[in-house]
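Since the structure comes first, as structure tokens, the remarks are kept for the end.
The values are calculated or read from the model by the stated rules, or taken from the named source; none is laboratory data. Just so it is clear, the model here is predicted, and its values are computed rather than measured. Cβ placement follows ideal geometry from the backbone for every residue including glycine, while neighbour counts extend to all protein chains displayed.
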Amino acid sequence: MDKRPKPLTPPEQLLPREKMPAMVAEHPEWEVPRMLKEIRRALHLTVADMARVGRICEPALRNAEAGRGSPSLSSVAGLLRPLRLKLPVVPVARPDATERAPPSPGMGSGLGDHRK
């Protein structure tokens, strides 16, 4: 039995495409591989279809979804552009003082630990 979802027609893709920004925003924990796969699945696209839309080769998309290698920014941008999505630059939360790793043994803090 074929478990693949039935491909959506272009008119049927309109609603899922419109919901794409909200879906991605609801999952800030998704890294690029997961995000690409979830987008493709939500639109019922095959790897070949999504690769064609994003103008990249199928192996590059398969590798990106599997977390193998590192897709170029232009490849990821090409996949997201038709969906009106883009990769933002966001600040990474800094760990607070209690989460910082202690200095390595024998290294000291570098702030006057020179005792005789």
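A few comments on the model shown:
- Checking the stated criteria, R84 turns out to be under 24 Å from P10 (Cα atoms) and modelled with pLDDT under 90.
- Selection of region 27-72 for residues being over 25 Å from P10 (Cβ atoms) and among the charged types (D, E, K, R) yields E29, E31, R34, R68.
- Taking region 49-81 as the range and being surrounded by 12 or more Cβ atoms within 10 Å (Cβ to Cβ) and among the hydrophobic types (A, V, I, L, M, F, W, C) as the test, the residues that pass are M50, A51, V53, I56, C57, A60, L61, A64, V76, A77, L79, L80.
- In summary, helices (runs of 4 or more DSSP H) completely within region 6-65 and bearing 3 or more residues that are of a type in the set (G, A, S) occur at 47-54.
- Residues satisfying the criterion are present in region 4-24 (criterion: within 22 Å of G67 (Cα to Cα) and touching an Asp or Glu at 6+ places or on another chain (Cβ under 9 Å)).
- Residue that is more than 18 Å from R81 (Cα to Cα), out of contact with any Ser or Thr (no Cβ under 6 Å at 6 or more places or on another chain) and of a type outside the set (D, E), where the choices are P21, P59: P59
- Within region 4-31, residues that are hydroxyl-bearing (S, T, Y) have Cβ atoms under 9 Å from residues that are at pLDDT 85 or above and assigned to a helix (DSSP H, G or I) in no pair, counting only partners at least 6 apart in sequence or on another chain.
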